[in-house]
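Engineer: Quick one: this structure, given as structure tokens, is what I'll be asking you about.
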Amino acid sequence: MRSFVIVVDAQRDFMLPDGALYVAGAEALVAPLNAMLAGLDAAETAGVLLTFDTHTPKSYAGSAEAEQFPLHCVRGSAGWQTVLDLAAIDRGIALHTLEKGVFAMWEEADVTIRDARDRGSNPVLRDLFFDRLRADGVDTIIVTGVAADFCVRWAVEGLIERGFRITVPGALTRGIVRQIDTLAAEEWATAPVTIF
């Protein structure tokens, strides 16, 4: 059975110490995340999805997120860019992107998923994309990235609601206040979530 990989918000503003909303310790994830992605087997991996937290100064100013955090991940800025080496991912593995303007990748109704290697291809609505994954026999999603107690948390909870099993490599995520093992114990004790 093939699995699917989601890397949540591995962007410069979160991952590097000079980023606008640096998650403490996140820079230590960059090399292992790249190694994990480079080591994926096309026969066992249905695809990789990178989520991008994406804002504009105008829309961010009036958002709920702005009440907690400074402006970050402005679309097209250096801080919005991924820290990952996407060229190292086997070309036999589909690579996708999702841009979101809020914490949860499930919240906005019109979110689409795009082919990261063919920007001219038609985007697919997020819910249809995940329905197709299920129809193709994918039932396990591997989730990594930042921040464990914000965007990673809501990514996982949306996957639980959609009937997926989730595995999270604990060493490949960081939280702001709570780390993934604490979060799992407090929030997902009876859910199909494995932290390893």
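Engineer: Just give me the residues in segment 45-76 being touching a residue at least 40 places away in the same chain (Cβ under 8 Å) and in a loop (DSSP other than H, G, I, E, B), in sequence order.
Structural biologist: Once the filter is applied, which keeps residues that are touching a residue at least 40 places away in the same chain (Cβ under 8 Å) and in a loop (DSSP other than H, G, I, E, B), segment 45-76 yields T54, F69, P70, L71, H72, C73.
Engineer: From the list E99, E157, pick out the single residue that is in contact with a strand residue (DSSP E or B) (Cβ under 6 Å, 6 or more places away or on another chain), surrounded by 14 or more Cβ atoms within 10 Å (Cβ to Cβ) and charged (D, E, K, R).
Structural biologist: E99
Engineer: If the Cβ limit is 9 Å and pairs must be 6+ apart or interchain, which residue in segment 128-140 that is surrounded by 12 or more Cβ atoms within 10 Å (Cβ to Cβ) pairs with which residue that is outside any helix (DSSP H, G or I) and hydroxyl-bearing (S, T, Y)?
Structural biologist: From segment 128-140, the pairs are F129/T112; V138/S3; D139/S3; T140/S3; T140/T167.
Engineer: Looking only at segment 118-127, how many residues end up being without any contact (Cβ under 8 Å) to a residue 24 or more places away in the chain and either surrounded by 12 or more Cβ atoms within 10 Å (Cβ to Cβ) or within 15 Å of the chain's Cα centre (by Cα) (or both)?
Structural biologist: Step one: of segment 118-127, the residues without any contact (Cβ under 8 Å) to a residue 24 or more places away in the chain are 118-125, 127.
Filter once more, keeping what is either surrounded by 12 or more Cβ atoms within 10 Å (Cβ to Cβ) or within 15 Å of the chain's Cα centre (by Cα) (or both): 123-125, 127.
Adding up the residues that qualify gives 4.
Engineer: Right, something else. Any residue in segment 33-40 that is outside any loop (DSSP other than H, G, I, E, B), modelled with pLDDT of 95 or more, surrounded by fewer than 17 Cβ atoms within 10 Å (Cβ to Cβ) and among the hydrophobic types (A, V, I, L, M, F, W, C)? Let's see the steps before the verdict.
Structural biologist: Initial filter on segment 33-40 (outside any loop (DSSP other than H, G, I, E, B)): 33-38.
Within this subset, residues satisfying the condition of being modelled with pLDDT of 95 or more are 33-38.
Now drop any that are not surrounded by fewer than 17 Cβ atoms within 10 Å (Cβ to Cβ), which leaves 35, 38.
Going one step further and asking which of them are among the hydrophobic types (A, V, I, L, M, F, W, C), we end up with 35, 38.
Scanning segment 33-40, I find at least one residue that is outside any loop (DSSP other than H, G, I, E, B), modelled with pLDDT of 95 or more, surrounded by fewer than 17 Cβ atoms within 10 Å (Cβ to Cβ) and among the hydrophobic types (A, V, I, L, M, F, W, C), so the answer is yes.
Engineer: From V48, V5, V23, which residue is more than 14 Å from the chain's Cα centre (by Cα) and modelled with pLDDT of 95 or more?
Structural biologist: V23
Engineer: Considering only residues of segment 118-133 that are in a loop (DSSP other than H, G, I, E, B) and at pLDDT 95 or above, which is farthest from Q68 (Cα to Cα)?
Structural biologist: By that ranking, first place goes to N122.
Engineer: Check whether at least one residue in segment 142-152 is surrounded by 17 or more Cβ atoms within 10 Å (Cβ to Cβ) and more than 18 Å from V23 (Cβ to Cβ), and report yes or no.
Structural biologist: Within segment 142-152, one or more residues are surrounded by 17 or more Cβ atoms within 10 Å (Cβ to Cβ) and more than 18 Å from V23 (Cβ to Cβ).
To keep it simple, each residue is scored yes or no on (1) part of a helix (DSSP H, G or I); (2) surrounded by fewer than 19 Cβ atoms within 10 Å (Cβ to Cβ); (3) without any contact (Cβ under 8 Å) to a residue 40 or more places away in the chain.
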position: V7; (1), (2), (3): no, no, no
position: D13; (1), (2), (3): yes, no, no
position: V23; (1), (2), (3): no, no, no
position: R91; (1), (2), (3): no, yes, yes
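Engineer: Does A78 count as touching a helix residue (DSSP H, G or I) at 6+ places or on another chain (Cβ under 8 Å), over 21 Å from I180 (Cβ atoms) and among the hydrophobic types (A, V, I, L, M, F, W, C)?
Structural biologist: yes
Engineer: Please specify each residue of segment 123-168 satisfying the condition of being farther than 18 Å from H96 by Cβ and among the basic types (K, R).
Structural biologist: Those that are farther than 18 Å from H96 by Cβ and among the basic types (K, R): R153, R165.
Engineer: Which pairs do you get when a residue that is assigned to a strand (DSSP E or B), found in segment 152-174, comes within reach of a residue that is polar (S, T, N, Q), reach meaning Cβ atoms under 6 angstrom, with the pair 6+ apart or on two chains?
Structural biologist: Going by the 6 Å Cβ cut-off, the qualifying pairs are R165/T140; T167/T194; T173/T144.
The values are calculated or read from the model by the stated rules, or taken from the named source; none is laboratory data. Keep in mind that what you see is a predicted model, and the values were worked out from it rather than measured. Cβ sites come from the backbone with ideal geometry, for glycine too, and all protein chains shown count toward neighbours.
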